[in-house]
Amino acid sequence: MENRREMELMTKGRSCFERGDYKLALTIFNEIIETNNNNSEAFFYLANIFHLKGEIGKAIKAFNKVLELDPCHTDASISLSVLYNDIGRYEEAKKIFETANQKVKRQSSQHGVADPHLNKKFAFKHFELAEMYLSYNRYDEALFEYNKSIGLTPDNLDARVKIAKVYAKKGFISKAFEELRKLKNEQPTYLPAGVALGILYYGNGNVLEAEMEWQRVLARDPSNSEAGMYLNLAKTATETSLT
């Protein structure tokens, strides 16, 4: 009877969580834990609620409790790694992430199937690490992590733009152009590639080419504020230099 009651509460708690009623969900999951302190899923939902509420300390404690009860809970490992990364505890974040990554690799090799849900989570983490490396001008590490992210989720077009930007920062301008042109050809409707290509042209003194790229973006999306802003800045700069 107790197990049935717990199952009913878990179903109700999940429903509340999914519709955004976190206050009621919190009450329900706490009730579950009061009677069964070994329910890892209840702790996992609590951790996510704390994270959403910005109560990072409580979220970390709850995610750690999940892993104490279920060391193979990959979602909890990734979430905890992201939290540690957010608060600057990079070594702990990296250690947890790598441990989780190894577990997933072992599971994939045993079952012969990759989980796309987990791939997206790991791709996000690699992207996040790349952003961190880029912020510290550690370009080679950033490139490695962006490529890892793309390897897991090839549709991450933003990462491909970032790779071109890293090449430009490293001074490999032709490589940066190559990456953006390739992306534009493969994904002609992905406008951020055109915006980035315009910036690259402008930064290398090709003002007319830059303006043409931004005009092409605006032709497809007249409300594209980024392309409009760069185009206006370029025209203003040109007019100022002529007067």
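Among the residues making up region 40-83, those that are crowded, with 21+ Cβ neighbours inside 10 Å and either of a type in the set (Phe, Trp, Tyr) or in a loop (DSSP other than H, G, I, E, B) (or both) are PHE43, PHE44, TYR45, PHE50, PHE63, HIS73. Among the residues of region 150-183, those that are surrounded by fewer than 19 Cβ atoms within 10 Å (Cβ to Cβ) and aromatic (Phe, Trp, Tyr) comprise PHE172, PHE177.
With respect to VAL104, determine if the residue is among the aliphatic types (A, V, I, L, M) and modelled with pLDDT under 80. If you could, list the steps in order and put the result at the bottom.
Working: among the aliphatic types (A, V, I, L, M): yes; modelled with pLDDT under 80: yes.
When the stated conditions are applied, VAL104 passes them.
Might you let me know whether region 21-33 holds any residue that is assigned by TED's automatic domain parsing to the domain that holds ILE60, more than 17 Å from PHE63 (Cα to Cα), more than 32 Å from the chain's Cα centre (by Cα) and of a type outside the set (Asp, Glu)? The answer is no; no qualifying residue exists. Does ASN224 meet the test of being closer than 27 Å to SER135 by Cβ and surrounded by fewer than 20 Cβ atoms within 10 Å (Cβ to Cβ)? Yes; evaluated as a whole, the condition is true for this residue.
Only one of the listed residues (THR189, THR240) is over 22 Å from LEU157 (Cα atoms), polar (S, T, N, Q) and modelled with pLDDT under 95. That residue is THR240. Could we say that TYR230 is buried (at least 18 other Cβ atoms within 10 Å of the Cβ), under 24 Å from GLU131 (Cα atoms), without any contact (Cβ under 8 Å) to a residue 24 or more places away in the chain and of a type outside the set (A, V, I, L, M, F, W, C) here? When the stated conditions are applied, TYR230 does not pass them.
The values are calculated or read from the model by the stated rules, or taken from the named source; none is laboratory data. What you see is a predicted model; the values in this text were computed from it and never measured. Neighbour counts are summed over all protein chains in view; Cβ atoms, including those assigned to glycine, are modelled from backbone coordinates with ideal geometry.
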